[in-house]
1. Being more than 20 Å from residue 165 (Cα to Cα) and free of Cβ contacts under 8 Å to residues at least 12 places away in the same chain is the filter; apply it to the stretch 1-23 and report the residue that is surrounded by the fewest Cβ atoms within 10 Å (Cβ to Cβ).
2. Restricting to the stretch 29-65, and then to whatever is in a helix (DSSP H, G or I) and within 16 Å of ligand 2 (Cβ to nearest atom), can you tell me which residue is surrounded by the fewest Cβ atoms within 10 Å (Cβ to Cβ)?
3. Please verify whether the stretch 77-84 includes one or more residues that are assigned to a loop (DSSP other than H, G, I, E, B), over 15 Å from the mean Cα position of the chain (by Cα), away from ligand 2 (no atom under 15 Å from the Cβ) and under 16 Å from residue 148 (Cα atoms).
4. Taking the stretch 1-42, which residues are modelled with pLDDT under 95 and within 18 Å of residue 93 (Cβ to Cβ)?
5. Checking residue 32 against (1) more than 7 Å from ligand 1 (Cβ to nearest atom); (2) more than 17 Å from residue 194 (Cα to Cα), only one condition comes out false. Which one?
6. Residue 43 versus (1) on the phi < 0 side of the Ramachandran plot; (2) away from ligand 1 (no atom under 11 Å from the Cβ); (3) touching a helix residue (DSSP H, G or I) at 6+ places or on another chain (Cβ under 7 Å): which is the lone unmet condition?
7. Of the residues that make up the stretch 138-149, is at least one within 18 Å of the chain's Cα centre (by Cα) and exposed (fewer than 14 other Cβ atoms within 10 Å of the Cβ)?
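The values are calculated or read from the model by the stated rules, or taken from the named source; none is laboratory data. Note that the structure is a prediction, hence the values are computed from the model and not measured. Here the Cβ positions follow ideal geometry from the backbone for every residue, glycine too, while neighbour counts run over all protein chains shown.
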Ligand code: CTP
Ligand code: MG
């Protein structure tokens, strides 16, 4: 199947302390590592959203940056993978599995998820701690795959912010399928995550 890809590399990096898309791991910026994963998995084209050479301008929220990328993709493209520049450790195999599953054509979205290993508690606004059964919970990653028409429709139909595009698909009423993610697909959120990522990449 043919697919295009969007790498979102805008945002302020408030927890990181600076915009992080140009942070370096193994001698290469995050956005370039993330983009290379999609290219190697066979993306017909990769649209990078952010302040990089050849990139398109991002928006205030992640969903706005995805929308800016989506606007660059021809209307006849059937499938799109959306990936965070902040996840430079996703493997080509994961991108291939996402692409292959969305290519089956029966889902609006395909997302990688992994089991949660920490004990999980709900913290009430009043400070009361309530344990949560973690067995059915999954931590969700990118790349995420979409039927492009569904992604466009969900973005159009749903107002408000969302943690990821799959949430927009859910609210729009589409079908979201989960496949196995990768425990090593770390998201660079804090500055200290860079050193961990460097070690993980070096170990491959
Ligand atoms: N992102 C984006 N545009 C935004 C916000 C986020 O393109 N307006 C991208 C980031 O570049 C990152 C991914 O979405 O690759 C996940 O976002 P996150 O890790 O939350 O990055 P920031 O929003 O920049 O960081 P923070 O939430 O700490 O401010
Ligand atoms: Mg953010």
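1. 14
2. 64
3. Yes - at least one qualifying residue is present in the stretch 77-84.
4. 1
5. Answer for residue 32: the failing condition is (2).
6. For residue 43, the exception is condition (3).
7. No: zero hits.
Yes/no per residue for (1) free of Cβ contacts under 8 Å to residues at least 60 places away in the same chain; (2) near ligand 1 (Cβ under 9 Å from one of its atoms); (3) closer than 14 Å to residue 33 by Cα:
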site	(1), (2), (3)
57	yes, no, no
62	no, yes, no
71	yes, no, no
85	no, yes, yes
90	no, no, yes
